[in-house]
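The values are calculated or read from the model by the stated rules, or taken from the named source; none is laboratory data. A quick note: this is a predicted structure, and the numbers were derived from the prediction, not measured. Quick reminder, even Gly has a Cβ in these numbers, built from the backbone with ideal geometry, and neighbours come from all protein chains shown. Ligands, DNA and RNA are stripped out before the accessible areas are found, and what is left, the full protein with its side chains, is counted by its heavy atoms. Shrake-Rupley method; radii C 1.70, N 1.55, O 1.52, S 1.80 Å.
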Amino acid sequence: MQTVPNHQVDNLQIEDDRTGLSVECLKRAFLDNLFYVQGKFPKIATKNDYYMALAYTVRDRLLQRWINTAVIYTERASRTVSYLSAEFLMGPHLGNNLVNLGIYDQVKQAVSELGLDLEDLLEQEEEPGLGNGGLGRLAACYLDSMATLEIPSLGYGIRYEFGIFDQDIRDGWQVEITDKWLHCGNPWEIARPEWEVYVRLGGHTEAYTDEHGRYRVRWIPFQVIKGVPHDTPILGYKTNTANTLRLWTAEAPESFDFAAFNSGDYLGAVQEKMVSENLSKVLYPNDDSSQGKRLRLAQQIFFVSCSLQDMIRIVFRQNVPLEKFHEKFVVQLNDTHPAIAVAELMRLLIDEHDMGWDQAWQITQKSLAYTNHTLLPEALERWPISLFRELLPRHLEIIYEINYHFLEEVKAKFPGDSDRLRRMSLIDESGEKYVRMAHLACVGSHSINGVAALHTKLLQQDVLRDFYQMYPEKFNNKTNGVTPRRFIVLSNPRLTNLISSKIGDNWIKHLEDLKHLEAFVDDPEFCSQWRSIKSAIKQDLVAYIAQQNGITVNPDSIFDIQAKRFHEYKRQHLNALHIITLYNRIKANPDIDITPRTFIFGGKAAPGYYMAKLIIKLLNSIGDVVNNDPDVRDRLKVVFLKDYSVKFAQRVYPAADLSEQISMAGKEASGTGNMKFALNGALTIGTLDGANVEIREEVGEDNFFIFGLTAPEVYALKARGYRPLDYYHSNRELKAVIDRIASGHFSHGDTKLFKPLLDSLLYRDEYLLFADYQAYIDCQDRVSQVYRDRDRWTRMSILNAARMGKFSSDRSIRDYCQDIWNIKPVPIELGECIQAKE
Ligand code: B1H
């Protein structure tokens, strides 16, 4: 190691190498980690070795804050938020930690002095894709904001060995490939086997009378699984707070293996191990739908039970009496995936900690709060009673008892209303019996919130109307937000620098300050800088597309981007109808004056969702034809960017001119991509759905391209009887588009390929594409007009970014703290720190 200066092994030197932030220190630490952790030296190091060495160098600089934070929270027994989520879509850690530590520039210089490129090393990181889409990413944004706002919090979830699949595109079709994010090791986590816990599954229950003559229940499980926590530090932006994301892996308990092994059943023991480890093996890749799969229910009870037991351990360790569990912890349920917490907390308090029913119920309700994320009926989780009884016999008994007390309450409030009892029961008895998880969550929580104003209103009026009438005081709205640290500072440094050069950098923690940009909207110099930054970023994406897809894209065209999970309600195929409309216009009149556009798509379809996969195939097929048709003369390009991920999203949002948010009104609970695009100066074309409504309110209606039916109009049209064929027959352009697809023009003459999609549109059109078609096309024509006036477009772009302050996840978290959690910041002073050398 000739490049490393001679080490003085005194305390100062050691501490310096572990924590020092000067360029010299960082260089030394980096080479040190390369040698001692990776076992490499520069001559033979791979890019991944360098990435790992840098990750460890950065982690060392987090540890002081992490340990300090834990010590101070423990000493003060601070009230803590437990965010329970089956998904955390964290994205790459390295860049984010550099930004939050405030050492991005020093590290860039340090590695560059060693002949390396920081961007190159950042690219190396395999992101933990432990989520499907918006719901998992929201959890990650909230962890960032809680740490930034110095709110004591723990994120609890599952450490899936395989996260969301990697997407390849072959012959235009999506192909799923196993994600191997742990392949090269994970430098960001620390396993804490000393805090392992056990979770029971299956078996039966027995009633008995305890020594005080009380009725008690004993659960004799069929299987026991060990949960081992793996902790990742979550650093706030320029604070000393480093909270924890605690993810559980499932293992077979040794004692059980040995029992089988001793009796000679070696294979049985190994089998048991395999079955146990299956639990945290893979993330279910469905976004917005739920199939009643046994393993999924097992995953839910697994991480919920591990997490609640962990909280109880912390309560005891901090000498808080268990009766005050709800004062120490507030537990936020991220959708119904962790809703079994209602029954599990009851079980732990009553069966394991000898508490009476009424007190346990008080504590449970006071601790738990439920966030609903969807209005789609197919996404509301229900578990067959038979499955529940088989896997969670004790929980089923507890749920029956909760239901008994609850229905008594309903009867008292609404006497004689038996239909209401049937509708509200925790058990669906209309056919095969099911446990309704949303009902369980509503009954067991003190707060129920939606994720955008419209969504909350629709929950109250429709999906959860009975519960709203029963418990109006529980309902509240918490509009989603996104973290500006990852989604501008890290992903769009050029725009960040321009903004900060005008208004300082306060906006990074106080996003409302972006409004000061409005003062510059008439400054031609500023506008031209704004425009040239967008243009430079688009150039970068052009290069990426050329390399990835081999498609040449015009950087002056409108970058019209729809990036999100594929789902019929999100209507990527409505976008396709627009592309073909423009294509038809060109074919009919090759000299037509059209504003050039590049249509860019990214997103995954659930592997079992045939229609979503067919839409991906359609987009790729349109691209093949349009991109190569000489009549088009490069005025239209269609690009499908495969394997959309957080890393990838960070590249895409800053390059967008136009953000497509075109779901059928009343279906998208909030959306968060809509916020990330607008924050980066894209204009939105969108329906009045989810948070679009509030974005439009903030940026002003002149700066937002709105079209289509509103949610009440959607219901009214459906109630009247919707007939898509009528639109097909009466709209010449629409008919030509559908006929073009049906003719096999995009499928080498194959008229069958897209028939299922066309039939679903012509004869059902559940998501009203035909009803919204003309409004969408007219609106897109306006977009094309406005884009030609570059000054006007730039002005609108600036005003969009400047008025996005509301949509910081910091604002969301402040609202949760105030209205639901009753938690105040606990600042961490580094002065009180536990010295590394002690
Ligand atoms: C959202 C989900 C979801 N809502 C089931 N529901 C899942 C449901 O694995 N499953 O079974 C996974 C995910 N995801 C999204 O949440 C909404 O569709 C968005 O509109 C919203 O912005 C996001 C965050 O609130």
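Calculate, in nm to one decimal, what Asp629 and Glu733 gain on full extension: separation in residues at 0.36 nm each, minus their alpha carbon distance. Let's see the in-between values first.
Numbers: separation 104, 0.36 × 104 = 37.44 nm, distance 2.00 nm.
Difference between extended and current length: 35.4 nm.
Among Asn96, Tyr728, Gly203, whose Cα projects farthest towards the positive end of the dipole of the chain, with charges put on the beta-carbon of Lys, Arg (+1) and Asp, Glu (-1)?
The listed residue farthest towards the positive side: Tyr728.
In whole Hz and in residue order, list the ³J(HN,Hα) couplings for segment 402-415 that follow from phi through the Karplus curve 6.51 cos²θ - 1.76 cosθ + 1.60, θ = phi - 60°; x for Gly and Pro.
4, 4, 4, 4, 5, 5, 4, 4, 4, 4, 5, 7, 10, x
Once you put a point 7 Å from the Cα of Glu518 and another 7 Å from the Cα of Leu114, both along the Cβ direction, what distance in nm separates them?
4.7
Once you keep just the Cα pairs under 8 angstrom separated by 6 or more residues, what percentage relative contact order results for the chain? Walk me through the intermediate numbers first.
Details: 1509 pairs, mean separation 114.8, N = 838.
Relative contact order here is 14 percent.
Given charges of +1 on the Cβ of Lys and Arg and -1 on the Cβ of Asp and Glu, with all other atoms neutral, how large is the dipole of segment 36-102 about its Cα centre, in debye to the nearest 20? Walk me through the numbers on the way to the answer.
Numbers: 8 positive and 4 negative charges, 35 e Å.
Computed charge dipole of segment 36-102: roughly 160 debye.
Which whole-number value in Å² is the accessible area per residue of segment 739-838, probe 1.4 Å?
Details: 4620 Å² over 100 residues.
That works out to 46 Å² per residue.
Any idea what the dipole of the chain comes to, in debye rounded to 20, about its Cα centre with Lys/Arg Cβ at +1 and Asp/Glu Cβ at -1?
Dipole size: approximately 1000 debye.
Ignoring ligands, DNA and RNA, what accessible area per residue does segment 596-705 give at 1.4 Å, in Å²? Don't skip to the end; give the middle numbers.
Details: 2540 Å² over 110 residues.
Per residue, segment 596-705 has 23 Å² of solvent-accessible surface.
Taking +1 at the Cβ of each Lys and Arg and -1 at the Cβ of each Asp and Glu, which of Trp173, Gly623, Phe566 sits farthest along the dipole of the chain towards its positive end, judged by Cα position relative to the Cα centre?
In the chain, that residue is Gly623.
Dipole of segment 348-502 (Lys/Arg Cβ +1, Asp/Glu Cβ -1, origin at the Cα centre): which of His405, Tyr434, His373 lies farthest to the positive side?
Going by the Cα projections, it comes out as His373.
Quick check: the distance between the Cα centres of segment 338-410 and segment 531-565, to the nearest angstrom?
Cα centres, segment 338-410 to segment 531-565: 49 Å.
Along segment 370-375, what does the Karplus equation 6.51 cos²θ - 1.76 cosθ + 1.60 (θ = phi - 60°) give for ³J(HN,Hα), rounded to whole Hz, x for Gly and Pro?
10, 9, 8, 10, 8, 10
Among bridges DSSP assigns within the chain, what percent are antiparallel (round to 5)? Mind dumping the intermediate values first?
Details: 35 of 81 bridges.
The answer is about 45 percent antiparallel.
Taking a probe of 1.4 angstrom, what is the accessible area of Glu401 in Å², to the nearest 10?
In the full protein context, Glu401 sits at about 80 Å².
With a probe of 1.4 Å, find how much accessible area segment 222-312 has per residue, and write the answer as a whole number in Å².
Values: 3340 Å² over 91 residues.
In whole numbers, segment 222-312 has 37 Å² accessible per residue.
Sequence gap at least 6, Cα distance under 8 Å: using those rules, report the relative contact order of segment 121-190 to the nearest whole percent.
Details: 51 pairs, mean separation 19.6, N = 70.
Across segment 121-190, relative contact order equals 28 percent.
Please give, to one decimal in nm, the separation of the simple spin-label points placed at Asp556 and Asp171, each 7 Å out from Cα toward the Cβ.
With each label point 7 Å from Cα toward Cβ, the separation is 4.0 nm.
Tell me, in nm to one decimal, what length is gained between Ala543 and Tyr715 on full extension, where the rule is 0.36 nm per residue of separation less the Cα-Cα distance?
Between Ala543 and Tyr715, full extension yields an extra 57.5 nm.
For the chain, what does -39500 (n - 2.57) per DSSP helix run (n ≥ 4), summed and divided by total residues, give at 222 nm, in deg cm²/dmol to the nearest 500? It would help to have the intermediate numbers written out before the result.
Numbers: 33 runs with 387 residues, N = 838.
The helix contribution divided over the chain gives -14000 deg cm²/dmol.
Within the chain, what whole-number % of the accessible surface is contributed by carbon and sulfur, with the 1.4 Å probe and all protein chains included in the calculation? If you can, show how the numbers build up before the last one.
On the way: 15970 of 32040 Å².
Here it works out to 50 percent.
What dipole magnitude, in Debye to the nearest 20, does segment 161-222 give about its Cα centre under +1 on Lys/Arg Cβ and -1 on Asp/Glu Cβ? Spell out each step's value before the answer.
Numbers: 7 positive and 12 negative charges, 85 e Å.
With only Lys, Arg, Asp and Glu charged at Cβ, the dipole is about 400 debye.
For a quick check of your reading of the filter: which chymotrypsin sites (Phe, Trp or Tyr not before Pro) in segment 197-237 sit in a DSSP loop and have no more than 15 other Cβ atoms within 10 Å? Walk me through the numbers on the way to the answer.
On the way: sites: Tyr198, Tyr208, Tyr215, Trp219, Phe222, Tyr237; in loops: Phe222, Tyr237.
In loop regions of segment 197-237 (DSSP not H, G, I, E or B), the sparsely surrounded chymotrypsin sites (Phe, Trp or Tyr not before Pro) are Phe222.
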